[in-house]
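Participant: Below is one structure. I have some questions about it.
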């Protein structure tokens, strides 16, 4: 076909072109619109509602983690939680308007324990903190005092109301792709944040809390190139300043014109070498490398970027001179999905590879490989999920793959082999037995459902248990919480209690949020649960340990909706709405250990 005369488009009707959009990347769609006049008119970036709906779905609605069910054969009708909410709310008549609102007006809010910077800020660094001073102890404030104006209680180190996280450029500037947050995931000690540019950021001083994740087994550790480089630098300087020395430890900086003989411990003037000036800083290369790869979130020094080891430069101590590398390498790998466990997190790159951050000894993400399984370029990963202390992914034509350990990374390696199992009978790509959703608990326990939606399946210790529930409707989505599992049907939401990772079928309870709203998503921390509704509202229930603020309901003082267990733990048994501001809409939630978060579209 002759592309120059525009006849290429005349061969394909508009509905066929639009049907191909789900299979194209955002850049592909843009390039296609520039091919000729026909495509440019059809893919009109100003007037095509179908185009912008598809773009919204690609950027903000990708169901690649266990926050969303799989996109099944009914893909044309699939809508993520975010799409459901923004489509139901009065936030714009067209998908172009909704896309702009999602991109330009969405802010990250966090609340809960402020310890170790896990909320993404400190009390002094966040201008949105309204503190109630320590001069009044809890229970000593006046009856008529308005506590709703305060969101921070220093005595408890608790942020008790949704509080905006400083992020992005100054007000009025058009945000770039680094400023736009696409999703947030919560671990036990931090939040992991994914941007539109494909970068991952993490809050807090440590995402592991000092605990080992599902990484190298048998007490092994990954090779640490920076630790080894430091050792080689120190060794090389020791041998340079004293060639006869067998000392392999760090050498102090010698600023004098004398050196000490190790043999006789006598101070002497060297015969061949005179140190006229202090020697060059042997750690200069490492310091330059640290400065080069240190990147914080836009406008926030308390949130740090996390890199995969594939992106980091490698070197040896013998290279000499300033550390030089191509900084473009740091941005080579981009990510499209993110999910967190207790002390680790998992990410999927745009190239289809899976990376894991699971070690308290390193902040590097390790690319995980699966020996004897098809390449991801042939059979791609469709979904990733983290359990409390393990990982699970779904690979097309293979099925559900679980692993709790992987091989330790050796020198020169950037990928690690997972020690994995494939859950039997989960490989179907179509029909009633096709897996449409799964959720991870702890100790490699996985619950999943198939296309029929009739049964609930439980995998543990290499065996599968098939469970018949009392629910008569088709099950379409699963969410696991700390002590329960939630089953979604088309119009209802049911909770079952768990005991030792086993479902108690006689504990069924329907979750309801009023008659004019419905639940679209849940997220659970250690002891509390957040509920997101179709109208974009957030509800909270569960336990707020040591009044840490993770429920987001404000400063508690004998409120009717909760009660204290002992002197420190607030118990809320029925869902209570969280105040997110008049007219604001929440389109995503994530609950962690003692902290919570939400992505909120603000009309102000």
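Participant: Scanning the range 354-364 for residues that are buried (at least 21 other Cβ atoms within 10 Å of the Cβ) and within 21 Å of residue 198 (Cβ to Cβ), which turns out modelled with the lowest pLDDT?
Facilitator: Step one: filter the range 354-364 for residues buried (at least 21 other Cβ atoms within 10 Å of the Cβ), giving 354-359, 364.
Checking which are within 21 Å of residue 198 (Cβ to Cβ) leaves us with 354-358, 364.
Working: 354: 97, 355: 97, 356: 97, 357: 96, 358: 94, 364: 90.
Among residues in the range 354-364 that are buried (at least 21 other Cβ atoms within 10 Å of the Cβ) and within 21 Å of residue 198 (Cβ to Cβ), the one modelled with the lowest pLDDT is 364.
Participant: What's the total number of residues in the range 108-154 that are closer than 30 Å to residue 46 by Cα and modelled with pLDDT under 95?
Facilitator: The qualifying residues number 0.
The rows are residues; the columns are (1) at negative phi; (2) touching a residue at least 12 places away in the same chain (Cβ under 8 Å); (3) in contact with a strand residue (DSSP E or B) (Cβ under 8 Å, 6 or more places away or on another chain).
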residue: 501; (1), (2), (3): no, yes, yes
residue: 522; (1), (2), (3): yes, yes, yes
residue: 527; (1), (2), (3): yes, yes, yes
residue: 533; (1), (2), (3): yes, yes, yes
residue: 557; (1), (2), (3): yes, yes, no
residue: 573; (1), (2), (3): yes, yes, yes
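Participant: Also, I was wondering about something else. Can you tell me which residue within the range 29-48, out of those that are within 20 Å of residue 100 (Cα to Cα) and surrounded by fewer than 17 Cβ atoms within 10 Å (Cβ to Cβ), is nearest to the chain's Cα centre (by Cα)?
Facilitator: 30
Participant: Kindly provide the set of residues from the range 365-414 that are surrounded by 22 or more Cβ atoms within 10 Å (Cβ to Cβ) and assigned to a loop (DSSP other than H, G, I, E, B), ordered by number.
Facilitator: 387, 390, 409
Participant: Which of the residues belonging to the range 415-441 are without any contact (Cβ under 8 Å) to a residue 60 or more places away in the chain, under 30 Å from residue 362 (Cβ atoms) and surrounded by 18 or more Cβ atoms within 10 Å (Cβ to Cβ)?
Facilitator: 418, 420, 423 - these are the residues of the range 415-441 that are without any contact (Cβ under 8 Å) to a residue 60 or more places away in the chain, under 30 Å from residue 362 (Cβ atoms) and surrounded by 18 or more Cβ atoms within 10 Å (Cβ to Cβ).
The values are calculated or read from the model by the stated rules, or taken from the named source; none is laboratory data. Since we're looking at a predicted model, the values are computed, not measured. Cβ: placed from backbone, ideal geometry, glycine included. Neighbour counts: every protein chain shown.
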